[in-house]
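The block underneath contains the structure these notes are about, expressed in structure tokens.
The values are calculated or read from the model by the stated rules, or taken from the named source; none is laboratory data. Given the structure is predicted, the values throughout are model-derived calculations rather than measurements. As a convention, Cβ positions derive from the backbone with ideal geometry for all residues, glycine included, and neighbour counts pool all protein chains shown. Accessible surface areas use protein heavy atoms only, side chains included; no ligands, DNA or RNA. Shrake-Rupley method; radii C 1.70, N 1.55, O 1.52, S 1.80 Å.
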Amino acid sequence: MAEDSALRTVLAAVREVAPGAEVSEDTQLIAHRIIDSLSLLSLVALLEKEFSVTVRDSEILPAHFETPLAIRAFLKSKGHS
């Protein structure tokens, strides 16, 4: 998946778990309460499916899910560009 495509997929996943939220690549998802603990778990499940990755519990850190760009960087660190 190309980087731009990966970011679009991340944005789509965030919008799916937070319908109606205005989300761009640098939106503070946790600080602005766009995602909470339950929607974060839903987001992780969507990302695991879309990117064919496994996110360990120990990897569910605010820094990894702070913004869509941070999520893309996290996925890239797991081997997806």
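In square angstrom, what is the accessible area per residue of the chain with a 1.4 angstrom probe? Walk me through the numbers on the way to the answer.
Values: 4810 Å² over 81 residues.
Heavy-atom SASA per residue in the chain reads 59 Å².
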Which label in (i) -0.42, -0.48, -1.09; (ii) -0.53, -0.58, -1.04; (iii) -0.32, -0.37, -1.23 gives the computed log10 I(q)/I(0) by the Debye sum over Cα atoms at q = 0.13, 0.14, 0.24 Å⁻¹:
(iii)
Would you mind checking which residues have amide H under 5 Å from Thr67's amide H? H placed 1.01 Å from N; only 5 or more apart, or other chain.
Leu29
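By how many nm would the segment from Ser52 to Ser77 grow when fully extended, if each residue of separation counts as 0.36 nm and the alpha-carbon distance is taken off?
7.6 nm
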For the chain, the longest stretch holding no trypsin sites (Lys or Arg not before Pro) located in a DSSP loop with at most 15 other Cβ atoms within 10 Å is which?
1-32
Under-5 Å amide H pairs with Val53, H placed in peptide plane, nonlocal only:
none
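Given the Cα-Cα distance of Leu69 and Ala21 and 0.36 nm per residue of separation, how much length would full extension add, in nm?
Full extension of this stretch gives 15.6 nm more.
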Tell me, what ³J(HN,Hα) does each residue in segment 20-30 have, in order and in whole Hz, if you take phi through Karplus 6.51 cos²θ - 1.76 cosθ + 1.60 with θ = phi - 60° and put x for Gly and Pro?
x, 6, 7, 10, 10, 5, 10, 5, 6, 6, 7
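Express the relative contact order of the chain as a whole percentage, based on alpha carbon pairs under 8 Å and six or more residues apart in sequence. Write out the running numbers ahead of the final one.
Values: 72 pairs, mean separation 32.3, N = 81.
Relative CO of the chain lands at 40 percent.
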